[in-house]
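Trainee: Once you've had a glance at the structure underneath, I'll fire off some questions.
Values quoted throughout were computed directly from the atomic coordinates according to the rules given, and no laboratory measurement underlies them. Computed from a predicted structure; not experimentally measured. Here the Cβ positions follow ideal geometry from the backbone for every residue, glycine too, while neighbour counts run over all protein chains shown.
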Amino acid sequence: MDKPLYYWLPNWAIKSVLDKCCDKCKTSYNKQDITAIAIKPVKNKYRFCVEQMCSKCSRRSLTVFGKSEHTLEGMCYFLLEQINRKKIMAKAKHLRKEKEGPITDTEAQAFIDFVQNAESYSEVLDELGIPTPKKSDENTS
Ligand SMILES: [Zn+2]
């Protein structure tokens, strides 16, 4: 993983984590404390959440966001949309710096076509250069 996890998160999600502190030792969280991105079923809906680990006492906790979808697929697409938007913005910024030109429509369309034709979610993750999530063995209840 060449980029820290927070790099892929929408800014509003990072901000929510930064607004919190460890419930055990009250140390404020920073971006590097984000250790996992997850989708959690809550009352027949899927919610996007992140796990953060306190840098001081290593206590882990979850931030569950208000955004919910009725299907897992819907939530995956929501997340991809957020990641993609962030990636396009980063690329546009980079290009502006390099060549003083925005991202081309062709580049954006090529990616949209790819997402629409992708066989699976993991294929899209591969294209984005994000490691495919392994089956987690955590048993949070
Ligand atoms: Zn702590």
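Trainee: Students often get this wrong: which residues of region 1-17 have the backbone nitrogen under 13 Å from the point 7 angstrom along Cα-to-C-beta of Ala90?
Mentor: 1-11
Trainee: Given the Cα atoms of region 1-76, and with Rh set as the inverse mean 1/r over their pairs in the Kirkwood sense, what is Rg to Rh to two decimals?
Mentor: Dividing the radius of gyration by the Kirkwood radius yields 0.99.
Trainee: According to the Cα gyration tensor, what semi-axes, each the square root of 5 times an eigenvalue, does the equivalent ellipsoid of the chain have, listed from largest to smallest in whole Å?
Mentor: 29, 20, 13
Trainee: Mean residue ellipticity at 222 nm from the helices of the chain, using -39,500 (n - 2.57) per DSSP H segment of n ≥ 4 over the full residue count, to the nearest 500 deg cm²/dmol?
Mentor: Counting only the DSSP helices, I get -13000 deg cm²/dmol.
Trainee: Considering only Gly74, Gln32, Leu5, whose Cα is most displaced toward the positive end of the charge dipole of the chain, charges sitting on Cβ of Lys, Arg (+1) and Asp, Glu (-1)?
Mentor: Selected residue: Gln32.
Trainee: How far, in nm, would the chain grow between Lys97 and Leu18 when pulled straight, counting 0.36 nm per residue and subtracting the alpha carbon separation?
Mentor: 25.6 nm is the gain from fully extending Lys97 to Leu18.
Trainee: Semi-axes of the equivalent ellipsoid of region 35-99: what are they in whole Å, largest first, if each equals the square root of 5 times a C-alpha gyration tensor eigenvalue?
Mentor: 28, 20, 6
Trainee: Let me check I've understood the local charge: for Pro10, count other residues with C-beta under 10 angstrom from its C-beta, Lys and Arg +1, Asp and Glu -1. What total comes out?
Mentor: +3
Trainee: Something else about it: Please give the length that would be gained between Glu81 and Lys31 if that part of the chain were fully extended, namely 0.36 nm times their separation in residues minus their C-alpha to C-alpha distance (nm, one decimal).
Mentor: Length gained between Glu81 and Lys31: 15.9 nm.
Trainee: Below 10 angstrom from the Cβ of Glu69, what's the summed charge of the other residues (Lys, Arg +1; Asp, Glu -1)?
Mentor: +2
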